[in-house]
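None of the figures in this text is laboratory data; all of them are computed from the coordinates on show. The structure displayed is predicted, hence computed values, not measured ones. Every residue, glycine among them, receives a Cβ derived from its backbone with ideal geometry; neighbour counts consider all protein chains shown.
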Amino acid sequence: MTSAATDASPTHRGLARRASVVLLGLLVLAVALLHLRNLFVASWDHDEVEHLHAAWLVGQGLLPFRDFFEAHQPPLWYALAPVVTRVPAAEVVLWARLTLLPFMVGTILASWRLACLMGTSRSAAALAALLLPATWVYLRTSLEVRPDVIQVFLEVLALERLASWSHRPRWMAALACGLFAGLSVAFLHKGVAVIPGLVAGCAMAISARRTDTRRVLRHGVLAAAGFAAPLGALYAAIAIAGLIEDYWFCSVQFMLAIQARTDIALHFGAGQVIGPVFADSPAIFLAGASGCLVALSRWRDPVRASLLVTLLATALLIAISRMPFKQFFLPVWPLLSVFAADAFAWLDKRAARSPLRVAGTIVVAASLALTVLEQLANPTNHFQRVVAGRVREVTQPGDAVFVPPPWHPVDRADSGYLWFDVGPFLAAIAQMEAQGEDLGERGARMREVLARPPRAALLDASVGQAVTPQDLAGLGLVPDSVIPGLWVRPDLVPPPREGERPPTGGAP
């Protein structure tokens, strides 16, 4: 009897392992299908159109910061310019999302590798990495066209290279770590949050005597050189183009004023974002926070110290920001997913007799189910496509178009549309001047651009626009016969096509 039970035990464990692999494969397939659907149907975010419009402008030979206002780093626009200028206008968002898809996948793989380097089991690391794309808030933001997607990918790669270096100190790992960190900042300023974590990881490696101080110093110089190289190339290119002063004003001076020194209607607190995000994506919060507690007990480990400090630095940036939009949290989710691996591994040890990783699998499956419900409940981009097509019909190249987020006329890239309500920006300019800042020509140029009267405008009460129907009527605009809420110039309005009905839909 004892012998029979002993003989059956390996068979049982083998079946359980195969069942675990099959279940994991089904979860991967479900996540892949969910992301594929999201690529095609997810509604457009106003930031996506902002960056696509900037990419179209640089593709036409215009210079950022001087010829058009922008506050971000320019590498993404130049990278996307060939896509935006060659792809059919109606499909530009889809193709740009497909272009950034490898970076989102790369973040997931780098997170898995990072969890493995922490010493967790491969199964716990795999489930933790799968929790990331099974989370609604990550799915929604990581598939949008924004520099944050590339910045986070490079940030996680920098952490992964540091983890590799802490296990086996090699000069190539140190150089790559610095290079990826520098590229992260070059794509978006928020990449600076990774720097304290890298320093903490190196300090823990020295204190743990995993490598000698001289080698750390030599590798530190290499890492610093790698970090400086992409930033030096970026700012050298900006200087050669004669854009340093314009860049400083748009990307630093004006943005610091908006974030810290002025009072505008766009300001809000991080608490307004955290609540809804936790409500629709609780699994990664709970699993990640549990893993953080496990990691704190091993804080002297260089990898965990690096991750904890990076998470803290990211949280600090979010806390001090006066406009912490959802993309500010994008670097948080990969870190929480890596910490979730610690939580899953801890649970595995307490269920050592069960080869099927039940707890982690349940967490991932529950998160995925909630993500499916969230995706089905959110609007698609159908109505936005209809609005964009109609705006193209009723405007001409070079016309200014006023549309609130997220109803931007993507396929009228030459419209010169205004992608925000101009009120807060004009208010910020006035406050900066009242505080003694001399904006000179730049202030006048921003007023001129922002105050251009639109040739088409879409009113949407849900976004709290300052513009009224009376304002638009005073500009000579009339209500459109096809799109509810759209106001257009009467001399440019084509007659409705036979059998055409106004579309239904509204703001998400």
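Couplings 3J(HN,Hα) for segment 39-44, derived from phi with the Karplus relation 6.51 cos²θ - 1.76 cosθ + 1.60 (θ = phi - 60°), are 4, 7, 10, 4, 4, 6 Hz, where x marks Gly and Pro.
The modelled label-to-label distance between ALA366 and THR213, using points 7 Å beyond Cα along the C-beta direction, is 4.9 nm.
When SER481, SER321, SER123 are sorted by how many other C-beta atoms sit within 10 angstrom of their C-beta, beginning with the fewest, the order is SER481, SER321, SER123. With an a/c value of 1.5 or above and a/b not larger than b/c for the gyration tensor axes a ≥ b ≥ c computed over the alpha-carbon atoms, segment 16-377 is described as oblate.
Taking a ≥ b ≥ c as the square roots of the Cα gyration tensor eigenvalues, segment 175-318 comes out oblate, since a/c reaches at least 1.5 and a/b does not exceed b/c. From the phi angles alone, apply the Karplus equation (6.51, -1.76, 1.60; θ = phi - 60°) to segment 139-155 and give each ³J(HN,Hα) in whole Hz, x where the residue is Gly or Pro. Running phi through 6.51 cos²θ - 1.76 cosθ + 1.60 with θ = phi - 60° gives 4, 5, 8, 6, 9, 8, 7, 7, x, 4, 4, 6, 4, 5, 4, 5, 5 Hz. The modelled label-to-label distance for the pair ALA434/LEU376, using points 7 Å beyond Cα in the direction of Cβ, is 5.1 nm. I want the local charge near GLY291. Using Cβ-Cβ distances under 10 Å, sum +1 for each Lys or Arg and -1 for each Asp or Glu among the other residues. Cβ neighbours under 10 Å give a net charge of 0. For ALA456, the amide hydrogen comes within under 5 Å of the amide hydrogens of PHE402, counting only partners 5 or more places away or on other chains and with H modelled in the peptide plane.
Stretched out straight at 0.36 nm per residue, the stretch from PHE268 to HIS167 would grow longer than its current Cα-Cα span by 32.1 nm.
The magnitude of the dipole of segment 135-234, with charges of +1 and -1 set on the Cβ of Lys/Arg and Asp/Glu and taken from the Cα centre, is near 420 debye.
Distance between the 7 Å Cα→Cβ label points at LEU286 and THR99: 4.0 nm.
Using the Karplus relation 6.51 cos²θ - 1.76 cosθ + 1.60 with θ = phi - 60°, the per-residue 3J(HN,Hα) values for segment 220-232 come to x, 4, 5, 4, 5, 5, x, 5, 6, 4, x, 5, x Hz, with x marking Gly and Pro.
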